[in-house]
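Reviewing the structure listed below.
The values are calculated or read from the model by the stated rules, or taken from the named source; none is laboratory data. Nothing here was measured: the structure is a model prediction, and the numbers come from that model. Cβ sites come from the backbone with ideal geometry, for glycine too, and all protein chains shown count toward neighbours. Note: accessible area is taken over every heavy atom of the protein model, side chains too, but ligands, DNA and RNA are not part of it. Shrake-Rupley method; radii C 1.70, N 1.55, O 1.52, S 1.80 Å.
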Amino acid sequence: MRRRGADWGARLAGLDRRWIYLILAAGLILTLLTGLRLPERPSILVEPLYERVENLPPGSPILLSLDYTPSTAPELEPMAFAVVRHALLKGHRLCFVSLYPEGDNQIARVTEGVIAREFPAVRAGRDFAVLGYKAGNEMVINALAQRLDSMYAGDLEGRPLAELPALAGVHRLADFALVVAFSAGTPGLKEWILFAGDPLGLPLGGGCNGAGAPQFLPYFPHQLLGLMGGIKGAAEYEAALRLGHPEFHQRTMRATEGMGPQAVAHCIIIAFVLLGNLGLLLSRRRREDAT
Amino acid sequence: MSGSLEVWIASLLTLMVFSFLWRDNPLYKFAEHLFVGVSAAYFMVLAFWSTLWPNAVVKLVPAAVRVTQPGAEPGAFEPLAIVPVLLGLLMLCRLWPRLAWLSRWPTAFAIGTTAGYNLTRYLRTDFLNQISTTVQDGIVVQQAGRVAWGGTLDQILVLAGTVCGLVYFTYSRPHRGYYGGMARVGVAFMMVTFGASFGYAVMGRVAVLVSRLQELLGGWLGLL
């Protein structure tokens, strides 16, 4: 009996990794094809950010910094989409900036993918301003804290800041009612906390990719109003939107769609971690028996 | 199936990259080299038009703004912009061994300003304010005057984890007795942290994979 267990240990330890890839791919494809949906609820990390956007008076200026690239867009873009939907629904004014060179393209995906499709009455310049990417990392934030026009003469279409109704009464970072940074690394949310949220006492929320989430947890709730960590955080914000606004009840949203396959993938990975450890234990027992 | 050429190119390149999971092969190599080449060219062009052009050329020759924004009014001439331009040119002196020493000046400027800015900010945000936020809440009381036991337990765990983690990294005293016990608790907290980090990282990678599969199954094959 023990000998048979030992054989299984060797087999598990020597399992070709391609079986793992195959099983993972099969699990994900089947889950996507069946359209598995899991219930989501906003957590205490996401709820304060949602509540802040929800309870601001209509017309409040909100700064959104899209600091990510296409490689992290699958996690961060659904967050940006959800926050933009929510803010426009509440009638807030938006201002888009980016600390990443690819930021202008990411902003364009948001304005075309959400604003143009779902809010056709919303106008660039009047309801939202696209200032775009500016080189300089944290120095950009530092300069924006003093004066917005020290970094940006106008929006991406060349209109001077003073002529943009979306930025009426907004001259520096402190004039924004809320800043939300969607961050994939450096520069990103960390720099926004260091140079804007903490020193200015600015209401600052954030979204970050999964790998970066643990480093931001210590800032919550005193130095960070709310945090969306990875695709789960995005799905929680979408859940809050569905709970709070009936018009979103039946709407399919990308992060929520991705959580079913996510759960299946995690189960498969956990199963293989357990199997791997079981194989190690059986192999170790075999060695001990041999000696 | 999609009739868009872009979708076909993206989907086939995705499959070429996925083929590496089987083993290294020419299709994967082709996709990899194409990605490196396109990325290098893309970032070079992006850096020129989004950094060099607006921050150097447009500030020194204001009318140049009309090249990228035909309707824009030229701003004022900014003579101080010549300073970063000169520092940038000094950086290029590294290419000539006899003048390479000149590149130390812009390097020193960049290191000095960045260190100066970051030192004060990190000291306040990551050190002083993190200490105060770790200890200030203590027993969490709800508005009705009742103790919020969940929140209070959170605070106790955060405080215990911080103190025990600090004890583990204090090497001036042997980790024995109750002191060693605290260090071991600190290690346990760190293990939980590393596990959470690994879990978050897995979630991020799976999210990217799911996104590509959604594009392949939905955008390309039209099955979703």
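Return yes or no: is A:Glu236 part of a helix (DSSP H, G or I), facing chain B (nearest Cβ under 9 Å) and either among the charged types (D, E, K, R) or within 17 Å of A:Gly207 (Cα to Cα) (or both)?
Numbers: part of a helix (DSSP H, G or I): yes; facing chain B (nearest Cβ under 9 Å): no; either among the charged types (D, E, K, R) or within 17 Å of A:Gly207 (Cα to Cα) (or both): yes.
So A:Glu236 fails the test.
Quick one: which of B:Phe43, B:Phe30, B:Phe35, B:Phe18 is in a helix (DSSP H, G or I), more than 13 Å from every other protein chain (Cβ to nearest Cβ) and either under 17 Å from A:Tyr21 (Cβ atoms) or out of contact with any Asp or Glu (no Cβ under 6 Å at 6 or more places or on another chain) (or both)?
B:Phe30
Quick one: B:Pro174 ticks every box in (1) open to solvent by 60 Å² or more (accessible area, probe 1.4 Å); (2) part of a helix (DSSP H, G or I) except a single one, so which number is it?
Just one mismatch for B:Pro174, condition (2).
Let's see how each residue does on (1) out of contact with any Gly (no Cβ under 9 Å at 6 or more places or on another chain); (2) closer than 30 Å to B:Gly151 by Cβ:
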| residue | (1), (2) |
| --- | --- |
| A:Arg37 | no, no |
| A:Pro48 | no, yes |
| A:Asn55 | yes, yes |
| A:Ser60 | no, yes |
| A:Leu66 | no, no |
| A:Thr72 | no, no |
| A:Glu75 | no, yes |
| A:Met79 | no, yes |
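For region A:232-250, name all the residues that are open to solvent by less than 10 Å² (accessible area, probe 1.4 Å) and closer than 14 Å to A:Pro74 by Cβ. Let's see the steps before the verdict.
Within region A:232-250, the first condition is being open to solvent by less than 10 Å² (accessible area, probe 1.4 Å), and the residues that meet it are A:233-235, A:237-241, A:248.
Residues satisfying the conditions are A:Gly233, A:Ala234, A:Ala235.
Looking at (1) part of a helix (DSSP H, G or I); (2) within 13 Å of another protein chain (Cβ to nearest Cβ); (3) open to solvent by 60 Å² or more (accessible area, probe 1.4 Å); (4) aliphatic (A, V, I, L, M), find the lone condition where B:Ala76 falls short.
(1)
Assuming A:Leu56 fulfils every condition listed in (1) open to solvent by 40 Å² or more (accessible area, probe 1.4 Å); (2) assigned by TED's automatic domain parsing to the domain that holds A:Val130; (3) touching a residue at least 60 places away in the same chain (Cβ under 8 Å) apart from one, which condition is it?
(1)
Hey, can you tell me all the residues within region A:176-224 that are in contact (Cβ under 8 Å) with a residue 40 or more places away in the chain, surrounded by fewer than 23 Cβ atoms within 10 Å (Cβ to Cβ) and away from chain B (no Cβ under 12 Å)?
Within region A:176-224, A:Ala177, A:Leu178, A:Pro203 meet the criteria.
When you go through (1) away from every other protein chain (no Cβ under 14 Å); (2) loosely packed, with under 14 Cβ neighbours inside 10 Å one by one for B:Tyr168, which number turns out not to apply?
The failed condition is (2).
So which of A:Leu167, A:Leu200, A:Leu194, A:Leu189 ends up being aliphatic (A, V, I, L, M), over 17 Å from A:Gln223 (Cα atoms) and assigned by TED's automatic domain parsing to the domain that holds A:Pro78?
Only one candidate passes the filter, namely A:Leu167.
I need every pair where a residue in region A:6-32 that is within 27 Å of A:Pro261 (Cα to Cα) has its Cβ under 7 Å from the Cβ of a residue that is open to solvent by 60 Å² or more (accessible area, probe 1.4 Å), sequence separation at least 6 or different chains.
A:Leu12/A:Leu275; A:Leu12/A:Leu278; A:Ala13/A:Leu280; A:Arg18/B:Leu21; A:Arg18/B:Trp22; A:Tyr21/B:Leu21; A:Leu32/B:Leu224
Identify the residue in region A:64-90 that is charged (D, E, K, R) and open to solvent by 10 Å² or more (accessible area, probe 1.4 Å) and, among all such residues, is farthest from the other protein chains (Cβ to nearest Cβ).
A:Lys90
Of the residues in region B:179-208, how many are within 12 Å of chain A (Cβ to nearest Cβ) and either touching a helix residue (DSSP H, G or I) at 6+ places or on another chain (Cβ under 7 Å) or not in a helix (DSSP H, G or I) (or both)?
Counting residues in region B:179-208 that are within 12 Å of chain A (Cβ to nearest Cβ) and either touching a helix residue (DSSP H, G or I) at 6+ places or on another chain (Cβ under 7 Å) or not in a helix (DSSP H, G or I) (or both) gives 12.
Exactly one of (1) touching a residue at least 12 places away in the same chain (Cβ under 8 Å); (2) more than 10 Å from every other protein chain (Cβ to nearest Cβ) is unmet by A:Ser150. Its number?
Of the numbered conditions (1) touching a residue at least 12 places away in the same chain (Cβ under 8 Å); (2) more than 10 Å from every other protein chain (Cβ to nearest Cβ), the odd one out for A:Ser150 is (1).
Pick out, from region A:1-61, the helices (runs of 4 or more DSSP H) lying fully within it that include 2 or more residues that are under 30 Å from B:Gln214 (Cβ atoms) and within 23 Å of the chain's Cα centre (by Cα).
On the way: elements: A:2-13, A:17-34, A:47-55.
Ranges flagged: A:17-34, A:47-55.
So A:Glu40 ticks every box in (1) over 22 Å from A:Leu204 (Cα atoms); (2) within 13 Å of chain B (Cβ to nearest Cβ); (3) touching a residue at least 24 places away in the same chain (Cβ under 8 Å); (4) open to solvent by 20 Å² or more (accessible area, probe 1.4 Å) but one. Which box is left unticked?
(2)
I'd like the full set of residues that are in a helix (DSSP H, G or I), open to solvent by 30 Å² or more (accessible area, probe 1.4 Å) and under 25 Å from B:Thr113 (Cα atoms), limited to region A:91-150.
A:Met139, A:Asn142, A:Gln146, A:Asp149, A:Ser150 - these are the residues of region A:91-150 that are in a helix (DSSP H, G or I), open to solvent by 30 Å² or more (accessible area, probe 1.4 Å) and under 25 Å from B:Thr113 (Cα atoms).
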